[in-house]
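Quick notes on the structure that follows.
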Amino acid sequence: MSVQLLQFLDEIKDIIEERMPAHIERLNSPDMLKNSMLYSLKAGGKRIRPALLLATMKSFQKDISQGIDLACAIEMIHTYSLIHDDLPSMDDDDIRRGKPTNHKVFGEAHAILAGDALLTYSFEIVAKMKGVDPAKTLCLIEELARAAGPEGMVGGQVADIEGENQKLTVEGLEYIHHHKTGALLSFAIVAGARLADASEQDIENIRRFSRELGLLFQIKDDILDVEGDQAAIGKPVGSDDGNQKSTYPSLLTLEGAKEKLHLHTLLAKEYLYSVQMNHRLLEELTDYVVNRNH
């Protein structure tokens, strides 16, 4: 990772981790609810979705300050999905990012409600963005709802549950990942292009890039679940295998998954290079996704 990318990621992480709690603390809500929301928001993480949104804006030479609230909203939706994923009725995980999961600290009912609150409040934040044309705001709300909802993340989660204890095809697995993980990640990049007033052709090409990057993210996660370091990842390795889930290594072998990672990296960069922008930052972020150890 270059010094410039490391500085950029640290800068974005600091901005997001300062702004998100400020949004929560101003709420006129029960303290238990706010504490539960803040617990998961402050649990750490790579903040890769906010970084991708703001990196895209920067790559189009747009001031990133206009995208910070949208970046926070995306991270809140991602955090809500993790809270609900960890519930006993879903993945039944006790540890997330090296800390007890939300329901282990606050109980299942409060964890569910904290997730609900993060999801709904995120749309209020987007609706109130300052300095964004109302028509563009409406477009972003519609695309965010699609990415997070039944045709996106939630639909992918359902397909993931239905795929447990079954040996999926690679196509079936990709459907799950394009929706469960890829949709919100893809939205972050496309939203950055929209906020930067990119052309429709550039938006279409960056959408193709973002879909490949979302897939890369999940292939790498599956590889790390086999050979990653538990301390770095922050949760037990091999959990997917224990939950009887199909993964790229289980379907293709570990070497086959690594070959697929390489092929989709090439395809992602091919789409990226077709966009009229400065490619360096997003190219480095792509390499970061592919080479990360957690």
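Since every read-out is calculated from the coordinates, none of them should be taken as a lab result. If you're wondering where the values come from, they're calculated on a predicted model, not measured in any experiment. Counting neighbours? That spans all protein chains shown, and the Cβs are built from the backbone with ideal geometry, glycine included.
Exceedance of the 29 Å cut-off in Cα-Cα distance is limited, within the set K99/K220; K34/K128; K62/K260; K13/K220; K104/K130; K136/K180, to K62/K260; K104/K130. Using the Cβ-Cβ distance between D197 and M32 with R0 set to 41 Å, the FRET efficiency works out to roughly 0.45.
Taken along the Cα-to-beta-carbon direction at a fixed 7 Å, the label points for L224 and S89 span 2.8 nm.
Shape call for the stretch 3-291 from the C-alpha gyration tensor, a ≥ b ≥ c root eigenvalues: rounded (a/c under 1.5), prolate (a/b greater than b/c) or oblate? Spell out each step's value before the answer.
Values: a/c = 1.59, a/b = 1.04, b/c = 1.53.
Taking the square roots of the gyration eigenvalues as a ≥ b ≥ c, the stretch 3-291 is oblate.
Mind checking which of E212, E124, E171 has the largest fluctuation in a GNM of the chain, springs on alpha carbons under 10 Å? The residue with the greatest mean-square fluctuation here is E171. Of the residues F187, F217, the one with the fewest other Cβ atoms within 10 Å heads the list, and the complete ranking is F217, F187.
Sorted ascending by nearby beta carbons within 10 Å, beginning with the fewest, M90, M20, M277 become M90, M277, M20.
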